[in-house]
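The values are calculated or read from the model by the stated rules, or taken from the named source; none is laboratory data. What you see is a predicted model, and the numbers here were worked out from it, not measured in a lab. Methodologically, a virtual Cβ is constructed for each residue, glycine included, from the backbone with ideal geometry; neighbour enumeration extends over all protein chains shown. Note: accessible area is taken over every heavy atom of the protein model, side chains too, but ligands, DNA and RNA are not part of it. Shrake-Rupley method; radii C 1.70, N 1.55, O 1.52, S 1.80 Å.
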Amino acid sequence: MWWLLLAAALAWEPTAAEQAAMDAADEEKYVTARRLSEELLAAEPDSLVGHAVLGQSLYESESDLPRARWHLEKSLSLFSQAYPDRTEDSPWQMEAFALGVLQDVLGAMDEREAQLARIEEHDENYSPKLVEERVWPLMKLRRYDEAREIAQQSIDSGVDWRRAYASNGLCAIAGEQGLRIEHYQRCTENLRFEQRLGYDPTVAAFNASLAAMGVLRFDESVSLAEEGTHGGTGSISNPFARLSELHMLSGQGAAAVVDIADMQKWTLKRPPHMRFQADASEDFLRATMYWLAGLTNRAMTSVDLALNQPDRMGFTSVDPRQAQAGHALVRLQIRESHRQRLLEKAAATGWWALQWERLKQLMPSPQAVADRALVRAELSDRKRLSGLLRVYMHQGLPDVQPWMAMGVASVIGPGVLEKALELAREDEAALAAQDTNEPGLQVDIEPWLTAFSAQASWERGSKRNILDRTEKALAQLPAWEALLRAQLQVQRGQAQWRSGDREAALSTWQQALETDPGAFRRLRVALPARVEGEGEMGGPVARRIKRSPRFRASGDGFVVSVIDQGAGVRGCINSPFGDQLVCANVAAADDSETPVADMADKLQVRLFRMAMGLSNLDLDSLDGTNQVFNEEAADAVDALLESLGEDEAPGEE
């Protein structure tokens, strides 16, 4: 309706062409509005309405931010030239509108200084003032005190919509300042307030879920994320993306895959100006899922997309450089896993192929050098490095969960990491002293800091420290931190084996195999095992995977059995006592020219990936039950994984 009200208020009469364009925009028919405004500008290049409508249409319908900005600024320039004094009979409402839309566009572009300047220009000349719109750019500029003061003014106004907007801002500010308890309180209060008003819960529930993890309330974080699924798709927040993160870190592979499929459906329902705002973040989530599933080629493709086409982060509290550094840190690790997969594939092909692949991998990767430089540059900021170690606060590298963050040790070095842990402890204590005090709510991140210390010891190769620190971390970390726990178990088992305590090592590794066998590939650890094959296909496949970097010959380790099963083979990793720990079926492709090599390759993918075939998707399923006889569910998840991309079938690299 705003165009109709504007036209009625103006002293000038819009032309028929201008009125038609305005009507289309008023009805949110932005494709039509764009066409009509372009026709209008072709006939009248200096039309205020033409540039304003086209700018709004490009923003709302295509998220074409640079061109939208240009047309809105052109409209404002034409206005100032034609009406320098803003007289009563000038179309001043048109300038007020263009300024309002332009500051939104600048915010979406994360141009915060320019956004504040346009808000100031608007408020010097027009009412109502854009008070609440100042909170977000001030926060992004780290002018927290000013942002808090303005947000509080809006809350004190008593106007519900202003209070909700400002309440959301205070939630974000507390998170940016690293105040865990205040962040949790502000975000949950904002959600409940907006729910009482009947507002869409999507954004507020997403923020509250993040805040709940900041105080280490995993179950509540999941519940809050699920609340967001009942909202609408009109914002940047995608509740299924949030759920996929939570299900991944807790080792619920099948649930995470389903979440990502739902995430993609949700994204397609977003309005155009929001649809492309989180492409990189969603590409990164797909990359993470493929990585955990052993499909490292797909993972590299997706993480490359995330880094080559980064998000602007205009609608979030995250800095774009911050997000890119996080994605670069994970790409370094995915690349190493992909190198392991190439060795596995070469081992399945033949001895000479394996030697050739090893030789090729001696060449350094220029991209890895660049990624390391990007990560180090961003982490040279103490707030970023400390924030990364102070887990579940987005002051560090967003999207990087603790099990991924362990990779920072190989980038900055174990000595720097241990010094940074001292700083993180100091920062955590100082911020806790500034934080809100809520009886009964205590946050202790020491188990995660101990895990980082264990990672530093792992980089140094210190068996004694690894044993001490992994024991302490595993005793204190919650069960839902499944992937991190699996990595620590792999490291602890390796230290135990090298220390001569082989029975303890096998027991520790068994725990990792039950949750996340893929941790062995990520940490480049070979299982001591005896590989046996039976049958026409089982024997040849077994001989090929003996060469795999996932195994090393040992008579007192695990037993890997490969047997014929119909048109394919079944492979299992068994304990020395015959207990089946991980099993997978692979079939020979009808059109394969090298069926034995292909099956050997696919078998390595399926045996060494996060558990994907869980029938019970609740955390209760991670009670130590071996992930074996659920191949039907695993096949269903594989089919869904395949639907997330088009470049290859599951298990093929």
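What number, rounded to the nearest 500 deg cm²/dmol, is the helix-based mean residue ellipticity at 222 nm of the chain, given -39500 (n - 2.57) per DSSP H run of at least four residues and division by all its residues?
It comes out at -20500 deg cm²/dmol, rounded to the nearest 500.
For the range 220-349, what is the accessible area per residue in Å² when the probe is 1.4 Å?
28
Please give the per residue accessible area of the range 62-166, computed with a probe of 1.4 Å over protein heavy atoms only, in Å².
Value returned for the range 62-166: 47 Å² of accessible area per residue.
Summarise the accessible area of the range 397-530 (1.4 Å probe, protein heavy atoms) by the percent that is carbon and sulfur.
Reported share for carbon and sulfur atoms: 42 percent.
Modelled label-to-label distance, residue 565 and residue 465, 7 Å Cα→beta-carbon offset: nm?
4.3
Per residue, how many Å² of accessible area does the range 524-611 show with a 1.4 Å probe?
Value for the range 524-611: 40 Å² per residue.
Need the full-extension length gain, residue 38 to residue 432, defined as separation in residues times 0.36 nm minus the C-alpha distance. One decimal, nm.
136.3 nm
Which of these values of volume of the Cα convex hull per residue in Å³ was calculated from the structure shown: [x] 170; [y] 234; [z] 191?
[x]
Tell me the label-point distance for the pair residue 361, residue 536, using the 7 Å Cα-to-Cβ offset, in nm and rounded to one decimal.
In this crude spin-label approximation the distance works out to 3.4 nm.
Of the beta bridges DSSP finds with both residues in the chain, what % are antiparallel, to the nearest 5?
60
If each of residue 192 and residue 498 carries a label point 7 Å out from its Cα toward its Cβ, how far apart are those two points in nm?
With each label placed 7 Å out from Cα toward Cβ, I get 5.1 nm.
May I ask for the angle, rounded to the nearest 10°, between helix 279-292 and the longest principal axis of the chain, with both axes built from Cα atoms and the value confined to 0 to 90°?
With rounding to tens, the tilt is 10 degrees.
What is the Cα centroid distance between the range 241-303 and the range 435-511, reported in whole angstrom?
Computed from Cα coordinates, the inter-centre distance equals 27 Å.
Using square roots of five times the C-alpha gyration tensor eigenvalues, list the equivalent-ellipsoid semi-axes of the range 77-197 in whole Å, biggest first.
Gyration-tensor ellipsoid for the range 77-197: 31, 16, 11 Å.
For each pair in 29/269; 546/602; 345/602; 74/129; 29/129, compute the distance between the two Cα atoms and list the pairs where it is over 20 Å.
74/129; 29/129
Rounded to a whole number, what % of the accessible area of the range 70-198 do carbon and sulfur atoms account for, probe 1.4 Å?
For the range 70-198, the apolar C and S fraction of the accessible surface comes to 46 percent.
How would you classify the range 273-432 from its alpha-carbon gyration tensor, with a ≥ b ≥ c the square roots of the eigenvalues: rounded for a/c under 1.5, else prolate if a/b is greater than b/c, otherwise oblate?
oblate
Please list, or write none, the lysines whose alpha carbon is within less than 23 Å of the alpha carbon of residue 383, excluding same-chain residues fewer than 8 places away.
Candidates past the 8-residue exclusion: 140, 419.
Enter the accessible area of residue 240 (Å², nearest 10), with the probe set to 1.4 Å and all protein chains included.
Answer for residue 240: close to 40 Å² accessible.
Grab the beta carbon distance between residue 29 and residue 587, set R0 = 56 Å, and tell me the FRET efficiency rounded to 0.05.
Once rounded, the FRET efficiency stands at 0.60.
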